[in-house]
Amino acid sequence: MMNSFGHIFRVTTWGESHGPALGATVDGVPPGVCLEAEMLQHWLDRRKPGQNRFTTQRREADEVRILSGVYEGETTGTPVQLMIENTDQRSKDYGDIAEKFRPGHADISYWLKYGIRDPRGGGRSSARETAARVAAGGVAREALKALAPGIEIRGYMTRMGAHEIDRARFDWDEIERNPFWTPDAKAAETWADYLGALRKAGSSVGAVIEVVVRGAPAGLGAPIYAKLDTDLAAAMMSINAVKGVEIGEGMRAAELTGENNADEITMGPDGPEFSSNHAGGILGGISTGQDIVVRFAVKPTSSILTPRKTITKAGEPAEIVTKGRHDPCVGIRAVPVGEAMAACVVLDHLLLHRAQVGEGPRGRIG
C-alpha cells in the first residue's frame, strides 16, 4: 500500500536496499517524448554512493534499464518500467542489529506496525529507495523539456549542521564544482574539514537543501486540496530522513510584518512583476511565474558508531553500535533526490493544468 505519488504523472517505486533490484513504474508519461537510458543515467550518477570520502562507500553502479513504455527512443504513452540492480550489498554488516532497534531509525516503528522488518540496510526504509525516484525524475525532466523547455530545476545545500552558506557569495556555477552541491566555495572548504572529522569519529550531521524551479509558468496548482505547494511539501517530506519543509520564507515568515512579507506587484513590459519573492513563487496554491523555492531539512544519519541505549525485540535493555557503510551527511545525496521530486511534481501539475484549462493561464492583465 501507499507506494505511489502523483495524479496524472504517477510514480510507483518498489524494491529494498538489499534485494536483487529496485525500481519504479512511471505512468502518465506523454507519448512521443525522446527517452533513452543514458538520459536517466546522468541524474543517477549524481546520486550514486561511493563517489567521494564524504558519502557511503557502498559501490553501486546504479545502472538503470528501461523495460517498457519506450519504442525506438520515444515514449509510447504506456507505463515506463525502470529497474536498477543492487550489486554491492553486504547484508552481514547488519547481523548484529537484527534483534535490536536503532535509535532515530524506522526500525522500531516498522516493527510496531507490521510485526516484521528487513534489517539489511533498513529494507524499504533505506535511502537506497531514492535511486528509483531519481530515475523517475529523469523521465519527468525529459517530458518537461518537450512540453515546457524553459523550466530549469536546480538544487543545492545551504546548511550543514550549524554551518550555513553566505548568500552574498552565491555562485550557480560553483554547485557542480564541490562534493556538497553548495553555491558557496568557502562554505565547501569549511564543510570538508567539519564533515571529515565527524566521519572519522563515526558520527553524522544533518543538512538543509534548497530546490529552485525557474521558468515555471503562472497557473500551476489549484486552491485547497491540489495546491502546488501542498504536493511539493508532501514530495519532499516523503524523502527518507526529511523532518521539515518550507516554501519561500517558510518558518521565517512568522517573524515578518504584513508590509515586509507582501511581494509588491507592478506592471512590466511582459506582464506582472514582483518586487520580492517571500511567497516562494506560489500564492493560494498556484504558481505566480516567479522562481518556485522549496527547502527541506534532513536529519543526521541514524547509523553511527557511538554506543546508544536501545531495547531488543523482546523488550530487554541493550546497547547498539551500527557498523557498515553509511553517509556521514545524507543531505549530500539528497540534493539530486529533491530535484527529482520537484521535477515529478511540476510535470504532474503541468499536465493537470492543461487537462483543466488548456495551455497557459486564462486570465489576462492589461
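The values are calculated or read from the model by the stated rules, or taken from the named source; none is laboratory data. For clarity, every value in this text was computed on a predicted model and none was experimentally measured. Every residue, glycine as well, gets a Cβ built from its backbone with ideal geometry; the counts of neighbours run over all protein chains shown. SASA here: full protein model, heavy atoms, side chains in, ligands and nucleic acids out. Shrake-Rupley method; radii C 1.70, N 1.55, O 1.52, S 1.80 Å.
Here are some notes:
- So GLU174, is it open to solvent by 30 Å² or more (accessible area, probe 1.4 Å) and out of contact with any Cys (no Cβ under 6 Å at 6 or more places or on another chain): no
- Selected residue (criterion: farthest from PRO328 (Cα to Cα)) from residues of the stretch 160-185 that are in contact with a strand residue (DSSP E or B) (Cβ under 8 Å, 6 or more places away or on another chain) and of a type in the set (Phe, Trp, Tyr): TRP172
- Filter pass, ALA146 being open to solvent by 30 Å² or more (accessible area, probe 1.4 Å), under 26 Å from THR13 (Cβ atoms), modelled with pLDDT of 95 or more and not in a strand (DSSP E or B): yes
- Filtered residue count, the stretch 194-227, keeping only those that are modelled with pLDDT of 95 or more and among the charged types (D, E, K, R): 3
- As a summary of the residue check, LEU283 satisfies the conditions (1) within 30 Å of ALA201 (Cβ to Cβ); (2) modelled with pLDDT of 95 or more except for the one numbered (1).
- Taken over the stretch 4-33, the criterion of being modelled with pLDDT under 95 and part of a loop (DSSP other than H, G, I, E, B) is satisfied by GLU16, SER17, HIS18, GLY19, PRO20.
- GLY338, sole failed condition from (1) touching a Ser or Thr at 6+ places or on another chain (Cβ under 8 Å); (2) within 18 Å of GLY206 (Cβ to Cβ): (1)
- Matching entry among CYS344, CYS329 (being part of a loop (DSSP other than H, G, I, E, B), of a type outside the set (Ser, Thr, Tyr) and more than 25 Å from PRO272 (Cβ to Cβ)): CYS329
- Tally of residues being surrounded by fewer than 18 Cβ atoms within 10 Å (Cβ to Cβ) and in a loop (DSSP other than H, G, I, E, B) across the stretch 151-171: 5
- Residues considered: ALA127, ALA136. Of these, the only one that is within 23 Å of ASN3 (Cβ to Cβ) and in contact with a strand residue (DSSP E or B) (Cβ under 9 Å, 6 or more places away or on another chain) is ALA136.
- When the test is whether a residue is open to solvent by less than 50 Å² (accessible area, probe 1.4 Å), hydrophobic (A, V, I, L, M, F, W, C) and in a helix (DSSP H, G or I), VAL335 passes it.
- Applying a threshold of 6 Å to beta carbon distances and a minimum spacing of six or more residues, or different chains, the list of pairs starting in the stretch 107-123 at a residue that is farther than 17 Å from LYS323 by Cβ and ending at one that is surrounded by fewer than 19 Cβ atoms within 10 Å (Cβ to Cβ) and at pLDDT 85 or above reads ARG117/TRP111.
- Enumeration of residues in the stretch 292-308 that are modelled with pLDDT of 95 or more and open to solvent by 60 Å² or more (accessible area, probe 1.4 Å): LYS299
- The stretch 179-192 - residue that is within 19 Å of the chain's Cα centre (by Cα) and under 14 Å from THR158 (Cβ atoms) and, of those, surrounded by the most Cβ atoms within 10 Å (Cβ to Cβ): THR182
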